[in-house]
Amino acid sequence: MSKVDLSVKIGTLKLKNPVLLASGTVGYGNEISEFIDLNKLGGIVTKSISLNPRKGNPPQRILETSGGMLNAIGLANVGLEEFIKSKIPFLKGYKVPIICNIAAGSIDEYVECARTLDSEEAISAFEINVSCPNVKEGGLQFGNDVNAVGTITGKVKAVTSKPVIVKLSPNGSNIIDFAKVVKQEGGDAVSAINTLVGTSFDIFTRRPKLKNITGGLSGPAIKPVALAKILEISRNVDIPIIGIGGIMSWKDVIEFMIAGSSAIQIGTLNFIDPTASIKIISELKDYCIKYGIDKLSSLTASYLL
């Protein structure tokens, strides 16, 4: 068998393969395009966009841990106007689905960003970030409130015809309730999980290493948590899941799909090896050929309990 179908669907969004680059790990695609052919990817999730530019948190705001990385960037971004002016023209040069991640400090801001970007042909879908653990306004204020997540989902869906994916937090209460309200309010998919809250101290000064004190933990350390949350959602809510959390190899991608993911996002790994995503796509095809799998999507939620 030489022909393998790696394509997947996230609601109405069709991807040539399940490998997406995660928000905040490749900026707006410019830098990583020097290392890989973006057209070979399943898609790119942009760095978070807010209505107005954000400087983010003061440094130090990123550090390595024994099992991954802590970041407290604080959603620093160029703002909606500059994104449209200087970032979208670059993205238009590629034939790859662009999922725009939107972060906001108010419900109205989410809606305004989605409404403004709805007419941009280069944008294929929206990922609504209601779960960033390292900003003082918005972030987990919304991500831990089921009613707020439902309201945001419904209001964003009302102003766009594009698929809406809601990024869920592992830091709050029952993740199933959040996935249910996203589906109930018309959301097309969920992405899970966002980073876990973590911190680190300098043993000589006794001060936090991050200026923000806490940050978001990503990397291999959070993979088992991510898999468990994805399995929970998959078993209880009929909604597509984009899996995120510590994916470092093609084997991890297969495991995430078995647990319930339709697609995945590569994040921390991009900092270690910016070419990893393309290698993984090739390795997924090799796996399917070796084990006689015609359609990679058939692995989604194929777990045996």
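So for segment 31-130: antiparallel DSSP bridges make up what percent, rounded to the nearest 5? Before the final figure, lay out the partial values.
Details: 5 of 13 bridges.
The answer is about 40 percent antiparallel.
For the pairs Lys167/Lys251; Lys157/Lys211; Lys85/Lys251, flag any whose C-alpha to C-alpha distance is greater than 32 Å.
Table pairs above 32 Å Cα-Cα are Lys157/Lys211; Lys85/Lys251.
Going by how many other beta carbons lie within 10 Å of each one, how would you line up Glu31, Glu232, fewest first?
On the way: Glu31 11, Glu232 17.
In increasing order of surrounding Cβ atoms, one gets Glu31, Glu232.
Using square roots of five times the C-alpha gyration tensor eigenvalues, list the equivalent-ellipsoid semi-axes of segment 58-203 in whole Å, biggest first.
Listed largest to smallest, the semi-axes of segment 58-203 are 25, 21, 13 Å.
Is the chain rounded, prolate or oblate when judged by the Cα gyration tensor, a ≥ b ≥ c being the square roots of its eigenvalues, rounded requiring a/c under 1.5 and prolate requiring a/b larger than b/c?
Working: a/c = 1.30, a/b = 1.18, b/c = 1.10.
Since a/c stays below 1.5, the shape of the chain is classed as rounded.
Contour minus end-to-end for Asp286 and Phe271, with contour as 0.36 nm per residue of separation and end-to-end as the Cα-Cα distance?
2.9 nm
Expressed as a rounded percentage, what relative contact order does the chain have, with Cα pairs under 8 Å and six or more residues apart?
Numbers: 702 pairs, mean separation 63.2, N = 305.
This gives 21 percent for the chain.
So how do Leu231, Leu21 line up by other beta-carbon neighbours within 10 Å, fewest first?
Leu231, Leu21
Please state the relative contact order of segment 151-305 as a whole percent: Cα pairs under 8 Å, 6+ residues apart? Can you show the working numbers first?
Details: 254 pairs, mean separation 28.3, N = 155.
Relative contact order comes out at 18 percent.
Under unit Cβ charges (Lys, Arg +1; Asp, Glu -1), what dipole magnitude, rounded to 20 debye, does segment 189-305 have relative to its Cα centre?
400 debye
For the chain, what are the DSSP H helices with axial Cα length of 18 Å or more and mean Kyte-Doolittle hydropathy of at least -1.0?
The qualifying helices are 223-236, 276-290.
Please arrange Met257, Met69, Met248 by how many other C-beta atoms lie within 10 Å of their C-beta, fewest to most.
Working: Met257 26, Met69 22, Met248 18.
So the ranking, lowest neighbour count to highest, is Met248, Met69, Met257.
Relative contact order (percent) for segment 184-234, with alpha-carbon contacts under 8 angstrom and 6 or more residues of separation?
36 percent
Say R0 is 25 Å: what FRET efficiency, to the nearest 0.05, do Glu64 and Ile213 get from their beta-carbon distance?
Working: r = 17 Å, r/R0 = 0.70.
Efficiency for this residue pair is about 0.90.
What are the ³J(HN,Hα) couplings of segment 4-11, residue after residue, when phi is run through the Karplus curve with 6.51, -1.76, 1.60 and θ = phi - 60°? Round to Hz, x for glycine and proline.
Taking θ as phi minus 60°, the curve returns 10, 8, 8, 5, 9, 10, 10, x Hz for segment 4-11.
Taking every eigenvalue of the Cα gyration tensor of segment 36-98, multiplying by 5 and rooting it, what semi-axes result, largest first, whole Å?
The answer is 25, 19, 7 Å, longest axis first.
For Leu21, which sequence-distant residues (separation of 5 or more, or a different chain) have an amide H within less than 5 Å of its own amide H, given hydrogens modelled in the peptide plane?
Amide H neighbours of Leu21: Gly43, Ile44, Val45, Ile266.
Nearest 0.05, what FRET efficiency do Glu121 and Glu82 give at R0 = 22 Å with Cβ-Cβ as r?
0.70
Given the alpha-carbon gyration tensor of segment 148-276, what are the semi-axes of its equivalent ellipsoid in whole angstrom, ordered largest first, with each equal to the square root of 5 times an eigenvalue?
They are 28, 19, 14 Å, listed largest first.
Laboratory data are not the source of any read-out in this text; all were calculated from the coordinates shown. Please read all numbers here as calculations on a predicted model, not as lab measurements. Cβ: placed from backbone, ideal geometry, glycine included. Neighbour counts: every protein chain shown.
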